[in-house]
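K.L.:
Supplied in structure tokens, the structure appears directly below.
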Amino acid sequence: MTLARIVWICAALAAILFVEGVVSLQIGAYHMSARDIVVTLFQGAAGRWDEMPGDFKSVIFGLRLPRIALGILVGAALSTAGAGFQALLRNPLADPYVLGVSSGAALGTILSMILTPHTAGAMQAAAFVGAFATVAVVYFLGRRGGQLDSATLLLAGIVAASFLSAVIMFLMTTVSGRDLRGMAFWLMGDLQSDPRVDLRWLYFLLIVGIGCIFTTSSDLNLILTGEQEARHLGVNVNRVKLVVYISASLLTGLAVSVSGAIGYVGLLVPHVMRMLFGTDYRLLIPTSAIGGAIAIVLADTLARTVVAPSELPVGAMTAIAGAPVFIYLMRRRMR
Amino acid sequence: MRETFLAGFLRLKMPGVIVGALLGCAPHPGALAAGLTQQQATASQAQDPARTADKAGTKMVTDETGRRVAVPVNVQRVVSLAPNLTETVYALGLEDKLAGDTTYCDTPAAAKNKPHVGAPVNPSLEAIVALHPDLVLATAINRWETVESLERLGIAVYTMDPHTVQDMLESTALLGDLMGAHEQAASLVAKLQTTLEELQTSLRERPLVHVLFVVWEDPLITIGQNTFIADALRWAGAESVIISKQDWPQISMEEVLRLEPEYIVLTSNHSETDTADQVRDLRARAVWNEIEAVKLGRIVVIAEEITRPSPGLVQAIVELAHGLHPEIFGPAQKSSGPEKQSRKSMAVGLVACAR
């Protein structure tokens with residue numbers, strides 16, 4: 001594994017993402033020719049806002065571009081978090097959802113929607129708190145004899161997820177009317193809503209989170225061969241676990257707070273990347289991030305076109321597309 | 001402000017990469033350092049409609065959810081995001097100004113032929129932009145997110161939120177004013193007001209009938225005391241047996257058996273066979289057939305208009321009153337058996353549907 005290989009593969013994936021982004025910019029209920037899009041983008045970049053038709057500005061800069069940006073953010077965050085959890089647990093089923101981290105983030109977000117509606121940043125902060133708190137509880141419950149035990153941890157995560165989902169259901173039945181509708185839609189995963197917070201901050205946190213997990217990738221490779229072996233080779237296993245858990249829950253909270261519960265990405269994308277490029281985490285972390293972005297942008301482009309003019313929640317799209325692909329890949333691997 | 005918003009957007013990491021790569025320029029390096037202007041951005045975005053107010057002829061109004069909206073003085077193109085609003089626009093005779101509506105807008109039938117922008121909870125913002133509306137009409141069934149997104153795009157959104165029948169009349173008059181049809185609206189509202197007053201006179205001194213209003217059968221969902229349907233029931237001389245602060249509470253059949261409603265009120269879905277089937281199904285269903293009202297055939301099927309705060313609601317109230325107070329409005333039912341009674345109530349539903 002050389003640095004050049006990592007850079008080349010990531011560059012290739014980024015190129016795919018870029019092409020996909022351009023194609024996605026052209027697709028939508030509002031018809032715009034490719035030429036109009038290019039002209040509008042040029043005018044936008046040159047700051048000549050008055051020259052472009054108001055519609056084009058709204059559609060490209062108000063709707064499609066922010067949405068693609070949000071999709072990239074969410075996809076990258078969830079996939080990287082999933083890859084991190086899978087390494088720590090040495091369990092292919094690990095995923096932000098299985099561990100209850102997503103549910104914790106969702107509960108935090110819903111509480112903030114009820115208690116402090118329409119406050120910029122409150123949803124994100126509450127989602128982080130929810131995700132961190134869940135990880136802390138699951139981490140604590142997952143310890144056995146002073147050691148983190150993968151099986152116990154996974155079970156604790158499942159219990160936490162179902163408990164938190166029940167609390168969410170309780171809250172949703174006590175809230176009525178308009179808020180409820182928004183929440184139900186948001187829970188299914190939705191990229192159309194404005195995150196109500198500056199995207200630059202979200203991207204900053206995304207890069208910090210992915211960066212932290214990436215710094216542990218050599219250690220994760222050793223942990224994959226077994227925790228005892230990794231310890232004997234001088235890896236501070238508990239420190240690595242802590243870094244990855246905190247970063248992964250940061251990423252999950254980030255994604256859930258802006259887009260709700262989008263499933264399958266954290267599970268599916270790292271698996272696909274592993275099948276394509278092998279299990280080396282130095283390659284797997286960055287490829288999962290870009291691959292997740294590709295997956296969500298694709299899913300969201302489909303979500304806003306297949307039932308046009310209505311839109312599907314992107315979470316429904318990822319589940320419809322993700323589940324069969326996942327089953328196919330699993331069966332092929334078993335053969 | 002607009003420049004700050006868009007320039008800020010261009011400085012975002014990934015869109016920056018996309019746009020930057022497309023245009024051969026690097027993303028702005030100070031992207032992250034320049035963050036933290038969200039509060040300002042939100043505040044100035046909120047002023048955006050006011051800015052358009054200056055250039056076109058607009059007036060600032062406060063909508064029914066308390067938002068300040070700059071509505072053009074001369075509204076020509078309207079997009080409705082809810083069936084009741086579409087119905088109101090048609091009732092005011094303003095359908096020529098209706099540029100688009102939702103896939104749920106089925107009353108009157110002509111509304112189905114208007115360009116659709118999607119369903120009320122998840123309309124396509126792009127489709128709305130493409131219709132170039134001067135004004136978008138929303139209600140509480142739409143999501144806040146939709147309203148906020150449209151506002152951010154500089155499209156005026158006026159949200160109606162009627163909680164009572166009187167509110168609905170006021171909303172109708174207001175909508176007429178907004179769309180430059182003050183007279184039509186005033187006469188329509190006056191007519192509806194008269195109908196309601198006549199109904200009130202005939203129902204005076206009648207005790208309220210205790211009903212179970214079925215919003216959804218399985219699971220059983222009924223209405224709360226703060227919904228406009230609860231108010232519509234009062235106008236029809238009835239009262240829900242369920243007292244709940246939730247708008248659409250889910251309740252157990254045990255509770256219904258205990259409270260012994262005098263009548264069951266169902267909403268029809270505009271098809272005659274379905275209406276008859278609805279009553280037959282209910283009478284055949286376990287537990288339901290234990291309810292005294294069902295045994296006696298005291299089931300009223302009422303047009304779906306009862307669930308929509310639009311001018312059609314008044315007619316639905318009148319029909320409901322006729323179904324629930326046969327001693328005032330219809331021939332005596334005492335002589336007929338339960339079977340006939342149920343046919344009679346079905347007929348109420350059919351009349352309502354045939355309208």
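K.L.:
Considering only residues that are within 11 Å of the chain's Cα centre (by Cα) and not in a helix (DSSP H, G or I), which ones fall in segment A:64-96?
P.N.:
Result: A:95, A:96.
For every residue, the table says whether it meets (1) touching a Gly at 6+ places or on another chain (Cβ under 9 Å); (2) away from chain A (no Cβ under 14 Å); (3) closer than 26 Å to residue A:188 by Cβ; (4) among the aliphatic types (A, V, I, L, M).
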position: B:68; (1), (2), (3), (4): no, yes, no, no
position: B:77; (1), (2), (3), (4): yes, no, no, no
position: B:92; (1), (2), (3), (4): yes, yes, no, yes
position: B:100; (1), (2), (3), (4): no, no, yes, no
position: B:153; (1), (2), (3), (4): yes, no, yes, yes
position: B:158; (1), (2), (3), (4): no, yes, no, no
position: B:164; (1), (2), (3), (4): no, yes, no, no
position: B:168; (1), (2), (3), (4): no, yes, no, yes
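K.L.:
Among the listed residues A:295, A:319, identify the single one that is of a type in the set (Gly, Ala, Ser), closer than 19 Å to residue A:94 by Cβ, modelled with pLDDT of 85 or more and touching a Gly at 6+ places or on another chain (Cβ under 6 Å).
P.N.:
Numbers: A:319 fails: modelled with pLDDT of 85 or more.
Only one candidate passes the filter, namely A:295.
K.L.:
Next question, about the same structure. Sort through A:29, A:45, A:34 and tell me the only one that's out of contact with any strand residue (DSSP E or B) (no Cβ under 8 Å at 6 or more places or on another chain), under 22 Å from residue B:151 (Cα atoms) and at pLDDT below 85. Reasoning before the result, please.
P.N.:
On the way: A:45 fails: under 22 Å from residue B:151 (Cα atoms); A:34 fails: under 22 Å from residue B:151 (Cα atoms).
None of the others qualify; the one that does is A:29.
K.L.:
Let me ask something else. From the list A:308, A:323, A:230, A:248, which residue is over 19 Å from the mean Cα position of the chain (by Cα) and in contact (Cβ under 8 Å) with a residue 40 or more places away in the chain? Outline the logic, then answer.
P.N.:
On the way: A:323 fails: over 19 Å from the mean Cα position of the chain (by Cα); A:230 fails: in contact (Cβ under 8 Å) with a residue 40 or more places away in the chain; A:248 fails: over 19 Å from the mean Cα position of the chain (by Cα).
Only one candidate qualifies: A:308.
K.L.:
Name the residues in segment B:102-129 that are β-branched (Val, Ile, Thr) and more than 8 Å from every other protein chain (Cβ to nearest Cβ), would you? So that I can check it myself, show each step before the final result.
P.N.:
Our first condition is that a residue be β-branched (Val, Ile, Thr); within segment B:102-129, this holds for B:102-103, B:107, B:117, B:121, B:128-129.
Answer for segment B:102-129, where residues must be β-branched (Val, Ile, Thr) and more than 8 Å from every other protein chain (Cβ to nearest Cβ): B:102, B:107, B:128.
K.L.:
On to the next question. Does residue A:20 count as under 14 Å from residue A:296 (Cα atoms) and either more than 7 Å from every other protein chain (Cβ to nearest Cβ) or not aliphatic (A, V, I, L, M) (or both)? Can you show your working first?
P.N.:
On the way: under 14 Å from residue A:296 (Cα atoms): yes; either more than 7 Å from every other protein chain (Cβ to nearest Cβ) or not aliphatic (A, V, I, L, M) (or both): yes.
Yes; evaluated as a whole, the condition is true for this residue.
K.L.:
Hey, any hits in segment A:56-63 for a residue that's free of Cβ contacts under 8 Å to residues at least 12 places away in the same chain, part of a helix (DSSP H, G or I), surrounded by fewer than 22 Cβ atoms within 10 Å (Cβ to Cβ) and more than 8 Å from chain B (Cβ to nearest Cβ)? Reasoning before the result, please.
P.N.:
Just the residues of segment A:56-63 that are free of Cβ contacts under 8 Å to residues at least 12 places away in the same chain, to begin with: A:58, A:62.
Applying the additional criterion that residues be part of a helix (DSSP H, G or I) yields A:58, A:62.
If we keep only those that are surrounded by fewer than 22 Cβ atoms within 10 Å (Cβ to Cβ) as well, we get none.
Scanning segment A:56-63, I find no residue that is free of Cβ contacts under 8 Å to residues at least 12 places away in the same chain, part of a helix (DSSP H, G or I), surrounded by fewer than 22 Cβ atoms within 10 Å (Cβ to Cβ) and more than 8 Å from chain B (Cβ to nearest Cβ), so the answer is no.
K.L.:
Looking only at segment B:131-146, count how many residues are part of a loop (DSSP other than H, G, I, E, B) and within 9 Å of another protein chain (Cβ to nearest Cβ).
P.N.:
Selection size over segment B:131-146: 5.
K.L.:
Looking at (1) within 14 Å of chain A (Cβ to nearest Cβ); (2) part of a loop (DSSP other than H, G, I, E, B); (3) free of Cβ contacts under 8 Å to residues at least 40 places away in the same chain, which is the only condition residue B:149 fails?
P.N.:
Every condition holds for residue B:149 apart from (2).
K.L.:
Residues in segment A:190-198: is at least one among the polar types (S, T, N, Q), within 14 Å of chain B (Cβ to nearest Cβ), closer than 30 Å to residue B:126 by Cβ and more than 13 Å from the chain's Cα centre (by Cα)? Step through it out loud before you land on a result.
P.N.:
Residues of segment A:190-198 that are among the polar types (S, T, N, Q), as a first pass: A:192-193.
The next check asks that each one be within 14 Å of chain B (Cβ to nearest Cβ); those that pass are A:192-193.
Within this subset, residues satisfying the condition of being closer than 30 Å to residue B:126 by Cβ are A:192-193.
Within this subset, residues satisfying the condition of being more than 13 Å from the chain's Cα centre (by Cα) are A:192-193.
Yes, segment A:190-198 has at least one match.
K.L.:
Turning to a different aspect of this structure: Of all residues in segment A:199-242 being within 14 Å of chain B (Cβ to nearest Cβ) and surrounded by fewer than 20 Cβ atoms within 10 Å (Cβ to Cβ), which is farthest from residue B:144 (Cα to Cα)? So that I can check it myself, show each step before the final result.
P.N.:
We begin by selecting, within segment A:199-242, every residue within 14 Å of chain B (Cβ to nearest Cβ); these are A:199-211.
With surrounded by fewer than 20 Cβ atoms within 10 Å (Cβ to Cβ) added as a condition, the list becomes A:201, A:204-205, A:207-208, A:211.
On the way: A:201: 23, A:204: 27, A:205: 27, A:207: 30, A:208: 31, A:211: 35 Å.
Among those that are within 14 Å of chain B (Cβ to nearest Cβ) and surrounded by fewer than 20 Cβ atoms within 10 Å (Cβ to Cβ), it is A:211.
K.L.:
Answer with yes or no whether residue A:78 is more than 14 Å from chain B (Cβ to nearest Cβ) and at pLDDT below 90. Quick ask: steps written out before the conclusion?
P.N.:
Details: more than 14 Å from chain B (Cβ to nearest Cβ): yes; at pLDDT below 90: no.
No: the conditions fail for residue A:78.
K.L.:
Would you mind finding the one in B:254, B:239 that is outside any loop (DSSP other than H, G, I, E, B) and over 30 Å from residue B:170 (Cα atoms)?
P.N.:
Numbers: B:239 fails: over 30 Å from residue B:170 (Cα atoms).
Testing whether each residue is outside any loop (DSSP other than H, G, I, E, B) and over 30 Å from residue B:170 (Cα atoms) leaves just B:254.
K.L.:
So which residues in segment B:79-113 are buried (at least 21 other Cβ atoms within 10 Å of the Cβ) and charged (D, E, K, R), if there are any at all?
P.N.:
Correct list: B:87, B:101.
K.L.:
If you don't mind, another one. Would you tally the residues in segment B:140-157 being crowded, with 24+ Cβ neighbours inside 10 Å and under 13 Å from residue B:82 (Cβ atoms)?
P.N.:
Going through segment B:140-157 one residue at a time, the tally reaches 4.
The values are calculated or read from the model by the stated rules, or taken from the named source; none is laboratory data. What you are looking at is a predicted structure, and each value in this text was computed from that prediction instead of being measured. Don't worry about glycine lacking a Cβ; one is built from the backbone with ideal geometry, like all the others, and counts go over all protein chains shown.
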